[in-house]
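The values are calculated or read from the model by the stated rules, or taken from the named source; none is laboratory data. On a predicted model such as this, the values are computed, not experimentally measured, just so you know. Neighbour counts run over all protein chains shown; Cβ positions are idealised from the backbone, glycine included.
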């Protein structure tokens, strides 16, 4: 069995989320609160946390958190490279690597984002990637870059545009029923969605994720240690991060067959091979959707459907809990739960497997966390509330 | 961010002279784009810069309606394309003339001319494509 399989676990979670620009605290303060909440959730002394992992150019270097947390000794401090959300799931694998190699015992995975402290996320992501080729073409935002790929997927690969709408509706359906979601209590108005303003064709406003202030933190420890803590362990069963030849930061010169994908083909291959699981074993999916089309492409990459049958699978009724066969984004996802660079999708993965989701999937045992799609480096992880 | 100090410097210098120059491996003949200092396929460090005609086809496109930062010099909406350059297969980012707002079609033939995009007081050369 692969060394990552069921050997580490999420023992505690904490999240603080606000409307963009509305955080009552600066970024580091919100993050400290989320970390303390994750430790309290697990019944774990925060001073004993000895490792930290983040992704997506998070600006909170762990050593600076030590005074607020009372950290005794920092032993592991690392990030997944990449400016976008491609590393969100890989961060859990990196934390597990620290624990399994004995370099740290209690590792916090986190992402924090407060506009007043670090500016607009979309601008920060692009600052990571921008060059003169893009600036001269007027391609300066994630929405535009993803829009170009989406047009190719729709027009050249024949994916019907209706599936994107179904995915958006499913996220908003769940978000409307999740008290922790920014869209809580408000049903999506289909006319409003369909007639919302163009951003970059084929994306209208509702095809794009929002940005929120906030932070989320996850306490990871060995599976053995997690079993002695307050909450039921949510085991990491597998995690893969990376990119294959012909994919990456290539000025749109990716391999033609890979171009319209979300970059997850090698990730899914490894994830399923190393866990012995398949798409049929996945009870629920938390899907990072920066933009609607990239969410669809991610589902295709992860083997839930193909270009040919995507319309049979990515249907609103099939995507919603508790009745759909492929419940997706049961917390509301980036569209409707909120967007702290995708960390909320991981939060919902744990909530769902604990049986604490606002949109529970009966008997859910295995959850796929599909990380930020379309990023040059992408990652995904599989979590379970038992070790199958 | 400086235009002329990377592996793609000859590309920018070519545009400034009115020519499209693209890099090809002196060892195996593969086109190397984005520009690199070494061919990962054969290991050669000889890069030849070859002139290509500004003709190609549309690989994909988007029409931008939202005013994003850095696009202030462009009238909305504007169309950005990924263009496959003929006789090499290299894909370039560029802009497409869009006077009638007719949706581009993937595979459509396009011809380019050298223009520039003004970004924060700097004119960055680029290829502006037209249909036909």
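Among the criteria (1) within 16 Å of the chain's Cα centre (by Cα); (2) in a loop (DSSP other than H, G, I, E, B); (3) more than 9 Å from chain A (Cβ to nearest Cβ), the one residue B:23 does not fulfil is (2). Taking first residues from the stretch B:100-123 that are at positive phi and partners that are part of a strand (DSSP E or B) and modelled with pLDDT of 95 or more, the Cβ contacts under 6 Å between residues at least 6 apart in sequence or on separate chains come to B:107/B:57.
Just to verify a result, which residue in the stretch B:105-119, among those that are more than 13 Å from the chain's Cα centre (by Cα) and either part of a strand (DSSP E or B) or more than 9 Å from chain A (Cβ to nearest Cβ) (or both), is surrounded by the most Cβ atoms within 10 Å (Cβ to Cβ)? Checked the stretch B:105-119; the qualifying residue surrounded by the most Cβ atoms within 10 Å (Cβ to Cβ) is B:119.
Taking the criterion of being over 9 Å from residue B:49 (Cα atoms), within 10 Å of chain A (Cβ to nearest Cβ) and surrounded by 14 or more Cβ atoms within 10 Å (Cβ to Cβ), the residues of the stretch B:1-20 that qualify are B:3, B:6, B:8, B:12, B:15. When each of B:57, B:126 is tested for being in a strand (DSSP E or B) and in contact with a helix residue (DSSP H, G or I) (Cβ under 6 Å, 6 or more places away or on another chain), the lone residue that passes is B:126. If residue B:62 satisfies all but one of (1) buried (at least 21 other Cβ atoms within 10 Å of the Cβ); (2) without any contact (Cβ under 8 Å) to a residue 40 or more places away in the chain; (3) out of contact with any helix residue (DSSP H, G or I) (no Cβ under 8 Å at 6 or more places or on another chain), what's the number of the condition it fails? Here residue B:62 clears every test but (3). Scanning the stretch A:215-241 for residues that are part of a loop (DSSP other than H, G, I, E, B) and either within 14 Å of chain B (Cβ to nearest Cβ) or more than 24 Å from the chain's Cα centre (by Cα) (or both) gives A:227, A:228, A:229, A:230.
State whether one or more residues within the stretch B:34-53 are within 9 Å of chain A (Cβ to nearest Cβ) and free of Cβ contacts under 8 Å to residues at least 24 places away in the same chain. Yes, because at least one residue in the stretch B:34-53 is within 9 Å of chain A (Cβ to nearest Cβ) and free of Cβ contacts under 8 Å to residues at least 24 places away in the same chain. Return the residue satisfying two criteria in turn: it lies in the stretch A:139-192 and is in contact with a strand residue (DSSP E or B) (Cβ under 8 Å, 6 or more places away or on another chain) and assigned to a loop (DSSP other than H, G, I, E, B), and of such residues it is farthest from the other protein chains (Cβ to nearest Cβ). Among them, the one singled out is A:180.
Looking at residue A:52, is it buried (at least 24 other Cβ atoms within 10 Å of the Cβ) and modelled with pLDDT of 95 or more?
Criteria met by residue A:52.
Among residues of the stretch A:101-138 being out of contact with any helix residue (DSSP H, G or I) (no Cβ under 7 Å at 6 or more places or on another chain) and away from chain B (no Cβ under 14 Å), the one that is surrounded by the most Cβ atoms within 10 Å (Cβ to Cβ) is A:115. In the set (1) in a helix (DSSP H, G or I); (2) buried (at least 18 other Cβ atoms within 10 Å of the Cβ), residue A:47 fails one condition alone, (2).
May I ask you to verify whether residue A:138 is more than 25 Å from residue A:380 (Cβ to Cβ) and at pLDDT 95 or above?
Taking the combined requirement at face value, the residue satisfies it.
Is there a residue in the stretch A:214-223 that is more than 30 Å from residue A:101 (Cβ to Cβ), out of contact with any strand residue (DSSP E or B) (no Cβ under 9 Å at 6 or more places or on another chain) and in contact (Cβ under 8 Å) with a residue 60 or more places away in the chain? The answer is no, given that none of the residues of the stretch A:214-223 is more than 30 Å from residue A:101 (Cβ to Cβ), out of contact with any strand residue (DSSP E or B) (no Cβ under 9 Å at 6 or more places or on another chain) and in contact (Cβ under 8 Å) with a residue 60 or more places away in the chain.
Taken over the stretch B:62-102, the criterion of being more than 10 Å from every other protein chain (Cβ to nearest Cβ) and not in a loop (DSSP other than H, G, I, E, B) is satisfied by B:85 alone.
Those helices (runs of 4 or more DSSP H) of the stretch A:242-339 in which 3 or more residues are surrounded by fewer than 24 Cβ atoms within 10 Å (Cβ to Cβ) and in contact (Cβ under 8 Å) with a residue 24 or more places away in the chain occupy A:265-275.
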